Amino acid sequence: MALIKILNASMGYEGKTILSDLSLSINAGDYVCIVGENGSGKTTLMKCLLGLMSIQGGEISFGDGLMQNEIGYLPQQTILQKDFPASVSEVVLSGCLNKKHTLFYSKEQKADAAKNMELTGILPLRKKCFRELSGGQKQRVLLARALCATHKLLILDEPVTGLDPKASADMYSLIKQLNKSGITIIMVSHDITAAVNNASKILHLSRNSYFYGTAHQYLHSDVGRKFMITDCPCDDCRHNHRGGAQQ
Ligand code: ADP
């Protein structure tokens with residue numbers, strides 16, 4: 001059963017439709033990258049998936065026991081977040097807020113936060129002030145925070161924006177590791193090469209149309225060819241390219 005099923009959905013603002021007739025399924029374990037030009041509706045789609053805005057028509061349904069308030073979300077970094085005056089562990093624990101029923105965090109929530117700090121490599125930084133960290137460390141803290149909200153699905157909005165190449169590579173590798181551990185990933189990205197190299201599926205949004213398929217299908221599609229400058233990295237295609245070069 002699909003984790004998320006979108007059927008003939010339209011999305012937009014006050015009479016203005018941005019995305020129309022969108023139909024796709026995201027399965028447990030998928031790693032989906034959403035790409036497309038600015039203004040193509042990537043954020044709008046994410047807001048609808050998170051329940052922050054209603055769809056104009058069609059249907060979005062969740063399967064596999066997923067509840068909309070159990071989605072882990074890593075938003076784009078804002079100036080406010082960058083200067084947040086709290087400790088690393090306080091920021092991570094705040095990811096449990098959707099499951100907090102009393103004034104205090106439970107033992108289980110604290111253990112979950114510690115596990116997620118360990119997983120993202122920030123446990124030694126737990127007592128530091130968030131605003132004193134590097135950009136890459138901050139993103140790992142916010143990823144650990146998002147993990148506190150979910151064991152199933154992470155939605156990441158341009159998680160490497162502003163990071164240097166090493167911190168970006170570390171972040172991509174961490175996200176891949178989380179996906180391999182069973183967490184479904186939906187990531188908005190402007191880095192199409194990294195998207196194709198890491199994701200199992202690509203959703204490319206354009207005005208009035210969209211492409212949804214595997215990274216391999218994307219590289220062989222008209223829209224993929226237009227946006228990509230690299231050859232398909234899959235084994236079959238590599239053989240073909242090598243064969244071609246030898247002839
Ligand atoms: P992307 O994330 O791909 O850059 P967005 O989903 O942010 O695209 O925006 C898609 C379109 O919706 C743009 O034309 C944008 O101007 C418009 N838009 C975004 N937010 C609002 C809003 N709150 N009210 C009206 N229009 C909006």
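The values are calculated or read from the model by the stated rules, or taken from the named source; none is laboratory data. Owing to the predicted nature of the structure, the values given are computational and were not obtained by experimental measurement. Here the Cβ positions follow ideal geometry from the backbone for every residue, glycine too, while neighbour counts run over all protein chains shown. Side chains included, ligands, DNA and RNA excluded: accessible areas come from the protein's heavy atoms. Shrake-Rupley method; radii C 1.70, N 1.55, O 1.52, S 1.80 Å.
What the table below lists for this structure:
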| item | result |
| --- | --- |
| Set ASN8, ASN27, ASN69, ASN38: member being at positive phi and either at pLDDT below 95 or not basic (Lys, Arg) (or both) | ASN8 |
| Total residues in the range 152-174, condition in contact (Cβ under 8 Å) with a residue 40 or more places away in the chain and either open to solvent by 10 Å² or more (accessible area, probe 1.4 Å) or not in a loop (DSSP other than H, G, I, E, B) (or both) | 10 |
| Flag for ALA215 being of a type in the set (Gly, Ala, Ser) and at pLDDT below 85 | no |
| Test: residue in the range 186-197 that is open to solvent by less than 50 Å² (accessible area, probe 1.4 Å), in contact with a His (Cβ under 8 Å, 6 or more places away or on another chain) and not in a helix (DSSP H, G or I) | no |
| Residue ID - farthest from LEU154 (Cα to Cα), chosen from residues in the range 14-38 that are buried (at least 18 other Cβ atoms within 10 Å of the Cβ) and more than 10 Å from the ligand (Cβ to nearest atom) | LEU22 |
| First in the range 34-57 and without any contact (Cβ under 8 Å) to a residue 60 or more places away in the chain, second anywhere and near the ligand (Cβ under 8 Å from one of its atoms) and of a type in the set (A, V, I, L, M, F, W, C), Cβ under 8 Å, 6 or more apart | THR44/ILE18 |
| Residue count, the range 39-58 (criterion: under 17 Å from the mean Cα position of the chain (by Cα) and either open to solvent by 40 Å² or more (accessible area, probe 1.4 Å) or basic (Lys, Arg) (or both)) | 5 |
